[in-house]
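To start, the structure itself, in structure tokens.
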Amino acid sequence: AKLESEDDQKAREEQEAEQKDFLEGVQKRLDDEVGAVRLSSRLTDSPAVLVADEASIGPAMERVMREMGRDVPTERPALELNGEHPAVQRVRAAFDADPEGDAFGDLVELLYGQAAIAEGRLPTDPARFGQLVASLMARDA
């Protein structure tokens with residue numbers, strides 16, 4: 001993982017300030033799933049990643065604990081977004097068009113589901129995620 005220089009950190013913080021409403025809009029849509037939404041300094045190819053704090057037990061241990069019938073602590077990771085990725089830019093365009101609209105909400109769900117799968121988790125509602133993917137695939141380009 002590359003470390004962020006002071007200049008890079010300052011640039012990211014300025015971008016976050018400029019996109020404050022968008023980041024808050026994504027947070028509002030995912031309030032039950034994520035503790036924070038912020039721009040990432042580490043992503044280059046992926047649109048989003050879930051980042052747990054260092055004390056987190058992680059998705060594999062969560063599954064083991066559930067299978068053992070144990071209570072699993074509720075942890076809400078941060079969602080880091082790659083503001084340069086076309087998928088995130090599309091979500092931003094949907095937000096700009098209608099922050100309360102279904103199109104924005106659906107794209108936020110897809111983005112979160114993709115980040116969850118990449119981390120080894122299931123999307124919050126796997127059946128709905130599958131429907132959203134199928135709907136997206138059926139659209140004209």
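Scanning the chain for trypsin sites (Lys or Arg not before Pro) in DSSP loops with at most 16 other Cβ atoms within 10 Å, what's the longest stretch left with none? Longest site-free region, per DSSP loop and neighbour criteria: 71-138.
State, to one decimal in nm², a quarter of the convex hull surface area for the C-alpha atoms of the stretch 76-118, i.e. the direction-averaged projected area. Don't jump to the answer; show the numbers that get you there.
On the way: hull surface 12.8 nm².
If I average the Cα hull's projected area over directions, I get 3.2 nm².
Averaged over its residues, the chain has an accessible area of 64 Å² per residue, based on protein heavy atoms and a 1.4 Å probe. For the stretch 59-141, the list of GluC sites (Glu not before Pro) that fall in a loop by DSSP and count at most 14 other C-beta atoms within 10 angstrom reads E75, E84, E100. Spatial offset of the stretch 14-43 relative to the stretch 98-141 amounts to 17 Å, using the alpha carbon center of each.
Measure off, as a whole percent, the carbon and sulfur share of the 1.4 Å-probe accessible area of the chain, all protein chains present. Don't skip to the end; give the middle numbers.
On the way: 4470 of 9090 Å².
It is 49 percent, rounded to a whole number.
Each stretch of four or more DSSP H residues adds -39500 (n - 2.57); spread over every residue of the chain, this sum gives -17000 deg cm²/dmol at 222 nm.
Across all Cα pairs in the chain, the calculated P(r) in 10 Å bins from zero up to the longest distance comes to 11, 39, 34, 14, 2 percent per bin.
The values are calculated or read from the model by the stated rules, or taken from the named source; none is laboratory data. This one's a predicted model, so the numbers in the text were calculated from it and none came from an experiment. Virtual Cβ from ideal backbone geometry, glycine too; neighbours counted across all protein chains shown. Protein only, heavy atoms only, side chains kept; ligands, DNA and RNA dropped before computing areas. Shrake-Rupley method; radii C 1.70, N 1.55, O 1.52, S 1.80 Å.
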